[in-house]
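What follows draws every value from the coordinates through simple rules; no lab data is involved. Remember, predicted model here, so these are calculated numbers, not experimental data. Positions of Cβ are generated from backbone atoms using ideal geometry, with glycine treated the same way; all protein chains shown enter the neighbour counts.
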Amino acid sequence: MSTKSRLLIVLGVVIVAGIVLTLIRYSRPSMGMRAAFDAEFLTRPDGYLGLSEHYGFEFVAEPMQMDPGLMYKAVADGAVDVIDAFATDGRIPAYDLLVLDDDKGFFPPYYAAPLVRAETLKEHPEIEQILNRLAGGISDQAMQRLNYRVDEEGEKAADVAREFLTSEGLLSVDASPGDGSAGEVTIGSKHFTEQEVLGEMLAALIECSSNIKVKRKLNLGGTMICFNALKAGDLDLYAEYTGTGLVNILKQDVISDPDAAYQAVKKAFAEDYDMVWLEPLGFNNTYTLTMRRDHALDFGIETISDLAEYVTGQ
């Protein structure tokens, strides 16, 4: 066999191999892009159920239920293709993930604010003034950094929260809890990093700015666990999100305007549950759909509509 013939054969093999690899790479999602969502996102109306209806698509394979702490690693490693994520999670930039644009405006604003029993504020009116010192003080980027320090750098939520408060001049470095002579309140949180950090912030502010003793019940579980504990009086306060209060608790339609959403939950919770929304903390921890950046760009996916079109085409 001539040298020319051998070169042609080698060239042909390389071309065929390249075509096969390309077909494998781009046809794998035809079996269905693999999605992983946390338990709450799978069931709440402002989660997958509402999203799939709003954008008119469903994943071919049923989305896997996965702990939020595992989802980011799973999508970064290619074990899954799409996850729900929180906009303020520090692992989004750390893993170079792409947040898909919610181009049809499905997700409502999720501004965090302390939610307090009115009865608690009657007994301890100073709490409102103490916690409203945090109003507007935490940006999306700041909350993202705080979350990253706990999730990826292994720092304790209490230490991260305390350092933020001192750096913002809300507590002195040597501030210590009061003597507890003014009574006790119980602060809760949901079961994810941001909530634990916020719970520690609220607790430190109250106990170091008053003589109120603070009992912590952090990482309790999902939204309804914390909300029902608040209703029952097992908690006095926790940090909630306006979009969650509006859609998941009140079962109302999405309100896209942040101020209107806040006023809606503030009014309804006061009337229906005798609860008070204090001033928003400043950041918007909206839900997102998130993919590996290179993976999304390979398939031309930048928006949720792009994803819906791609999935529907499979």
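Data table
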| read-out | value |
| --- | --- |
| Cut-off under 5 Å, modelled amide H: who pairs with V60 long-range | M33 |
| Computed [θ] at 222 nm, helices only, for the chain once each DSSP H run of length n ≥ 4 contributes -39500 (n - 2.57) | -13500 deg cm²/dmol |
| Acute angle (nearest 10 degrees) that the helix 68-77 long axis makes with the longest principal axis of the chain, alpha-carbon atoms | 20 |
| Acute angle (nearest 10 degrees) that the helix 304-313 long axis makes with the longest principal axis of the chain, alpha-carbon atoms | 40 |
| Most fluctuating residue given options A61, A36, A296, as computed from a GNM of the chain linking Cα atoms under 10 Å | A61 |
| Unit charges at the beta carbon, dipole of region 112-277: most positive-side option, M275, V254, P177 | M275 |
| For region 55-71 versus region 154-187, the gap between their alpha-carbon centres in whole angstrom | 37 |
| Beta bridges per DSSP with both ends in the chain, % antiparallel, nearest 5 | 60 |
| Top of N285, N248, N228 by mean-square fluctuation, Gaussian network on the chain, Cα under 10 Å | N228 |
| Residue with peak Gaussian network fluctuation, the chain [Cα springs, cutoff 10 Å], from G183, G222, G282 | G183 |
| 0 to 90° range, to nearest 10: angle between helix 223-232 axis and the chain longest Cα axis | 10 |
